[in-house]
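Here it is, the structure, as structure tokens.
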Amino acid sequence: MAIKIILPTAFVRHTDGQKQLSSDAANLPALILDIDKNFPALSTQIKDESGKLRRFINIYVNDEDIRFLGGDTYVFQDGDEVMLIPSIAGGTARLS
Amino acid sequence: MEYSCQTYELKCNECGRRFGNRPLSGCPDCLAPLEIAYDLDIIRKEGKFTRANIAAGPFNIWRYAALLPIPEGFQPDIPVGFTPLVRARGLGKRIGADNLYVKNDAVCFPTLSFKDRVVSVALANAQKFGFTTVGCSSTGNLANSVAAQAARLGLKATILIPADLEPAKILNTLVYGARLVRIDGNYDHVNRLCTLIADEYDYGFVNVNLRPYYAEGSKTQGYEIAEQLGWKLPDNVVCPMAGGSLIRKIRKAFNELIALGLVEDKPVRFFGAQATGCSPISQSVRNGWDYIEPQRPNTIARSLAIGNPADGPAASKMIRSTGGWAEDVSDVELVAGIQELAETEGIFTETAGGVTTAVTARLYAQGRISGDETTVVCITGNGLKTTDALAHHYDHIDVRAIRPRLVDFVDYIAALDCQDVDAFPEPALVG
């Protein structure tokens, strides 16, 4: 089973330019652990000092906010597209 | 794609990092929204933002240009804003308010909503940054304003909206020659798509990558309220909430006026209004949360139907910090609110204004606002754009036409005047 992770431009500086990742995580907490392990810089960006996801991150599964699907308890389905996106975004490409 | 300016620049509210001026809306470090920070000391020393200078300015928002993020050399072209602030005695009498005012942005120029204010400031910066195509994600009013002002300024416009918007708002976008893209989803879907498009296309989205500049335009409503009250602040402001930006920017405007000595410092309470079918911010205020729980919108107040409002947490926190409150009303109540404002003040507002009017009535009924306090109700849009909300409320108009005879008129008027009783009785059963 695999899910596809889609990242906005704002995050690709932490993933060596990759805009799409794949993961075998079964749910959101497992996905975060996966990111901790493979992309620690991205992990630092999306989590605050206490290790929780930042308030300004939204997570969508196939266009639906994960909070409408049960949040941490939602079990990813094979082929799910999971998008991590800041609630306020856009225009970061030109920032040095 | 960037410029420097002595008096203002982008700043992260959370971590304090500054970014100069560029099309950027979220902090790359902590992802929080960026806002425009001013150096009020410089503005004070320059002496440009004074009552006298403002009074000598044009009768539109550009009289406040010294406290807007407007690039040097920008020549304002569109006379936006400076809408009437009217004493609302009729509505006040109905709801028990002796000192009530309506800030009437239903007649804002050029497209009849407060969005004209934010778009004009955003597009000034879009031009400075060199964008030739501008756009927005919109629940309708913003789409109208971006389309109209882009046409006037010779910019191309690409506008994204939820597919089910009111027909009038769709027509009022298309007429200006904008490219309109209807999205099969709600506003939150549309907005998310726009953030992705802004990554890939060189578009200046007024409420995405230009959002900090755009949001500052809302302050002009606050400046106008204070100036029109005779350079005084009201006791209370009642404001509709969609993304949660306007209510905070009115407060920011008041605070700047205090800091620069244009008005006397006094506590102002802020009250937010939402439709129950999309009420994440009022829910947050009532529960005392520092976050919002997103909702799936289900209300005819489509211009307020943002289920995951970007500035929701900040708006909730600000409202509570001023001792204010937030309420939400049903679709039935908001239609009654539209009618009440029209019948008492002669102001025809859209669904959002019906929400604000109905919430205001409730706040007085609850005793949260007392009758003698000075209260300003912000009406942000025009009823001609949402006439479908009133469908079937005036069916008697179509029931019959009368012959051009005095006797028919007399009968008709008599029937109308007692229509609650038996104006249009069911046909009598034969026999």
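Does residue B:244 meet the test of being part of a loop (DSSP other than H, G, I, E, B), out of contact with any helix residue (DSSP H, G or I) (no Cβ under 7 Å at 6 or more places or on another chain) and assigned by TED's automatic domain parsing to the domain that holds residue B:306? Reasoning before the result, please.
Details: part of a loop (DSSP other than H, G, I, E, B): yes; out of contact with any helix residue (DSSP H, G or I) (no Cβ under 7 Å at 6 or more places or on another chain): no; assigned by TED's automatic domain parsing to the domain that holds residue B:306: yes.
No.
For the subset of the range B:118-148 comprising residues that are out of contact with any Cys (no Cβ under 9 Å at 6 or more places or on another chain) and not in a helix (DSSP H, G or I), which member is surrounded by the fewest Cβ atoms within 10 Å (Cβ to Cβ)?
B:130
In addition: Name the residue that is farthest from the other protein chains (Cβ to nearest Cβ), counting only residues in the range B:297-308 that are farther than 10 Å from residue B:187 by Cα and more than 13 Å from the chain's Cα centre (by Cα). It would help to see each step written out before you state the result.
As a first pass, look at the range B:297-308 and keep what is farther than 10 Å from residue B:187 by Cα: B:298-301.
Filter once more, so that each one left must be more than 13 Å from the chain's Cα centre (by Cα): B:298-300.
On the way: B:298: 13, B:299: 17, B:300: 22 Å.
It comes out as B:300.
Continuing with this model, one more query. Name every residue in the range B:278-294 that is surrounded by fewer than 21 Cβ atoms within 10 Å (Cβ to Cβ) and of a type outside the set (Ser, Thr, Tyr), in order of residue number.
Residues of the range B:278-294 surrounded by fewer than 21 Cβ atoms within 10 Å (Cβ to Cβ): B:283, B:286-291, B:293-294.
Matches in the range B:278-294: B:283, B:286, B:287, B:288, B:289, B:290, B:293, B:294.
Also: Could you check the range B:28-60 and list, in sequence order, the residues that are under 16 Å from residue B:259 (Cβ atoms) and in contact with a Ser or Thr (Cβ under 7 Å, 6 or more places away or on another chain)? Give the derivation first.
Filtering the range B:28-60 down to residues under 16 Å from residue B:259 (Cβ atoms) leaves B:35-51, B:54.
Those that are under 16 Å from residue B:259 (Cβ atoms) and in contact with a Ser or Thr (Cβ under 7 Å, 6 or more places away or on another chain): B:38, B:39, B:42, B:43.
Residue B:79 fails exactly one of the following numbered conditions: (1) within 14 Å of chain A (Cβ to nearest Cβ); (2) surrounded by 14 or more Cβ atoms within 10 Å (Cβ to Cβ); (3) assigned to a loop (DSSP other than H, G, I, E, B). What is the number of that condition?
(1)
Filtering the range B:174-211 down to residues that are facing another protein chain (nearest Cβ under 8 Å) and of a type in the set (Lys, Arg), which residue is nearest to the chain's Cα centre (by Cα)?
Among those residues, the one meeting the criterion is B:211.
Okay, next question. Taking the stated definitions as given, is residue B:102 under 21 Å from residue B:61 (Cα atoms), assigned by TED's automatic domain parsing to the domain that holds residue B:171 and under 17 Å from the mean Cα position of the chain (by Cα)? Spell out how you get there, then give the answer.
Details: under 21 Å from residue B:61 (Cα atoms): yes; assigned by TED's automatic domain parsing to the domain that holds residue B:171: no; under 17 Å from the mean Cα position of the chain (by Cα): yes.
In short, no.
Within the range A:14-43, which residues are without any contact (Cβ under 8 Å) to a residue 24 or more places away in the chain and more than 12 Å from the chain's Cα centre (by Cα)?
If the condition is that a residue be without any contact (Cβ under 8 Å) to a residue 24 or more places away in the chain and more than 12 Å from the chain's Cα centre (by Cα), then A:16, A:17, A:18, A:24, A:37, A:38, A:40 are the ones that fit.
Shifting gears a bit: If you check B:195, B:158, which single one turns out to be in contact with a Gly (Cβ under 9 Å, 6 or more places away or on another chain), of a type in the set (Ser, Thr, Tyr) and without any contact (Cβ under 8 Å) to a residue 40 or more places away in the chain? Lay out the reasoning, then the answer.
On the way: B:158 fails: without any contact (Cβ under 8 Å) to a residue 40 or more places away in the chain.
Among B:195, B:158, only B:195 is in contact with a Gly (Cβ under 9 Å, 6 or more places away or on another chain), of a type in the set (Ser, Thr, Tyr) and without any contact (Cβ under 8 Å) to a residue 40 or more places away in the chain.
The values are calculated or read from the model by the stated rules, or taken from the named source; none is laboratory data. No experiment lies behind these values; they were computed from the predicted model shown. Every residue, glycine among them, receives a Cβ derived from its backbone with ideal geometry; neighbour counts consider all protein chains shown.
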